[in-house]
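Chemist: Right, I'll just put the structure down here and ask away after.
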């Protein structure tokens with residue numbers, strides 16, 4: 001074989017070797033990729049659903065466990081009154097003047113009505129929840145507001161007890177009643193200061209006054225709301241610094257608990273917006289803890305009193321009234337011209353004036369998240385507090401001794 005032939009043979013051999021290597025390498029790569037895809041993707045496909053199932057399942061378990069803990073401690077409250085029984089009867093208007101006279105050929109009768117005794121009837125209903133082992137129950141003030149009514153508590157097991165109204169909060173829609181019974185299942189109060197926007201919650205109550213222990217689940221839709229809303233009886237009330245939730249709060253739910261997924265009470269269901277869907281409100285439980293303790297230990301609720309009417313200053317209020325600050329409590333007259341500073345109150349004695357802006361209450365900035373009413377409630381009657389006041393261009397620090405809020409007449 002000549003040199004030329006040898007070089008040609010080697011060239012062909014090398015080309016064949018390269019092509020063969022590439023071909024079998026390509027086949028090997030495909031086979032390896034398939035094997036790896038089977039090894040990796042098949043377990044991953046099983047893994048993802050199992051995580052989702054675990055997450056959904058754990059959430060459901062938390063909710064059902066919270067409901068299981070709470071359901072026996074949620075009660076229905078029924079108000080009953082002696083109402084007149086009205087009887088209808090008929091008279092002949094001419095019989096008294098012309099006995100036996102019947103010129104028309106038929107008996108003329110005119111319907112009349114008279115009371116025939118009284119009968120106890122249910123007039124309203126609401127919800128509540130047990131907070132102690134000896135029968136103390138929390139509800140809304142408007143649920144037990146009728147002084148002439150008698151109140152009956154229906155427990156989840158169907159048993160009924162006559163209830164006594166222990167105390168009503170003078171400023172919040174909150175009251176405490178008591179039944180003479182052992183109540184080993186009662187609810188734990190949580191910390192409403194830790195509640196977050198979007199947090200899942202559970203509302204339980206006597207929905208529509210008919211369906212006991214109706215459960216609805218939703219989220220916290222808003223924090224520190226201050227609005228005018230309709231309560232259970234259709235009366236308008238101002239709600240300050242409350243939770244907004246889309247968990248259904250229907251007629252009859254008032255006084256029931258708003259729970260977190262640990263089964264703790266974080267709010268007291270109190271009102272809904274008339275004509276709107278899934279807009280309900282609950283009083284944060286921290287706002288009523290001190291009053292509840294008073295009701296349980298003293299049998300009454302007394303709260304400290306400053307003695308001013310005010311609006312919370314916001315950026316909008318600042319612009320509207322041309323103020324120098326966008327926070328604080330602006331002392332002003334009521335909607336119907338009521339005095340801005342209550343006569344003979346602690347505020348009047350300390351020299352507060354209409355137009356003053358309370359910037360701080362005992363070192364705490366006053367704003368929509370720290371409304372003046374809540375800061376006052378956290379203090380004690382007779383306690384001395386310092387107010388930082390903006391009066392015109394001047395900053396004043398004024399010490400005030402809080403008095404007791406007078407009873408409404």
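Chemist: So is residue 86 under 30 Å from residue 184 (Cβ atoms), at pLDDT 65 or above, assigned by TED's automatic domain parsing to the domain that holds residue 203 and in contact with a strand residue (DSSP E or B) (Cβ under 7 Å, 6 or more places away or on another chain) or not?
Modeler: no
Chemist: Could you list, ordered by first residue, the pairs with Cβ atoms under 6 Å in which the first is in segment 325-352 and not assigned by TED's automatic domain parsing to the domain that holds residue 376 and the second is not in a loop (DSSP other than H, G, I, E, B), at least 6 apart or interchain?
Modeler: Filtered contacts from segment 325-352: no entries.
Chemist: Return yes or no: is residue 269 crowded, with 18+ Cβ neighbours inside 10 Å, within 30 Å of residue 393 (Cβ to Cβ) and touching a strand residue (DSSP E or B) at 6+ places or on another chain (Cβ under 6 Å)?
Modeler: On the way: crowded, with 18+ Cβ neighbours inside 10 Å: yes; within 30 Å of residue 393 (Cβ to Cβ): no; touching a strand residue (DSSP E or B) at 6+ places or on another chain (Cβ under 6 Å): yes.
Criteria not met by residue 269.
Chemist: Out of 404, 393, report the one residue that is within 30 Å of residue 188 (Cα to Cα) and either touching a helix residue (DSSP H, G or I) at 6+ places or on another chain (Cβ under 8 Å) or in contact (Cβ under 8 Å) with a residue 60 or more places away in the chain (or both).
Modeler: Going through 404, 393 in turn, just one is within 30 Å of residue 188 (Cα to Cα) and either touching a helix residue (DSSP H, G or I) at 6+ places or on another chain (Cβ under 8 Å) or in contact (Cβ under 8 Å) with a residue 60 or more places away in the chain (or both): 404.
Chemist: Residues that are surrounded by fewer than 19 Cβ atoms within 10 Å (Cβ to Cβ): find the strands (runs of 3 or more DSSP E) completely inside segment 355-409 holding 2 or more of those.
Modeler: 384-391, 394-401
Chemist: Here's a check for you: in segment 126-141, which residue that is more than 18 Å from the chain's Cα centre (by Cα) and at negative phi is surrounded by the fewest Cβ atoms within 10 Å (Cβ to Cβ)?
Modeler: Within segment 126-141, the match that is surrounded by the fewest Cβ atoms within 10 Å (Cβ to Cβ) is 133.
Chemist: Can you give me the number of residues within segment 174-199 that are on the phi < 0 side of the Ramachandran plot and part of a loop (DSSP other than H, G, I, E, B)?
Modeler: 16
To keep it simple, each residue is scored yes or no on (1) in contact with a strand residue (DSSP E or B) (Cβ under 7 Å, 6 or more places away or on another chain); (2) part of a loop (DSSP other than H, G, I, E, B); (3) exposed (fewer than 13 other Cβ atoms within 10 Å of the Cβ).
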{"site": "111", "(1), (2), (3)": "yes, no, yes"}
{"site": "115", "(1), (2), (3)": "yes, no, yes"}
{"site": "143", "(1), (2), (3)": "yes, no, no"}
{"site": "151", "(1), (2), (3)": "yes, no, no"}
{"site": "167", "(1), (2), (3)": "yes, no, no"}
{"site": "172", "(1), (2), (3)": "yes, yes, no"}
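Chemist: For segment 94-109, enumerate the residues that are surrounded by 10 or more Cβ atoms within 10 Å (Cβ to Cβ) and modelled with pLDDT under 70. Before you say what the answer is, go through the steps one by one.
Modeler: Filtering segment 94-109 down to residues surrounded by 10 or more Cβ atoms within 10 Å (Cβ to Cβ) leaves 94-95, 98, 101-102, 108-109.
Answer for segment 94-109, where residues must be surrounded by 10 or more Cβ atoms within 10 Å (Cβ to Cβ) and modelled with pLDDT under 70: 94, 95, 98, 101, 102, 108.
Residue-wise test of (1) surrounded by fewer than 19 Cβ atoms within 10 Å (Cβ to Cβ); (2) more than 18 Å from residue 127 (Cα to Cα); (3) at pLDDT 80 or above.
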| position | (1), (2), (3) |
| --- | --- |
| 200 | yes, yes, yes |
| 219 | yes, yes, yes |
| 222 | yes, yes, yes |
| 225 | yes, yes, yes |
| 233 | yes, no, no |
| 259 | no, no, yes |
| 283 | no, no, yes |
| 289 | yes, yes, yes |
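Chemist: For segment 263-316, give me the residue count where each residue is without any contact (Cβ under 8 Å) to a residue 40 or more places away in the chain, part of a loop (DSSP other than H, G, I, E, B) and under 16 Å from residue 368 (Cα atoms).
Modeler: Qualifying residue count, segment 263-316: 1.
The values are calculated or read from the model by the stated rules, or taken from the named source; none is laboratory data. As the structure is a prediction and not an experimental result, all values here were calculated from the model. Note that we place each Cβ from the backbone using ideal geometry, even for glycine, and neighbour counts take in every protein chain shown.
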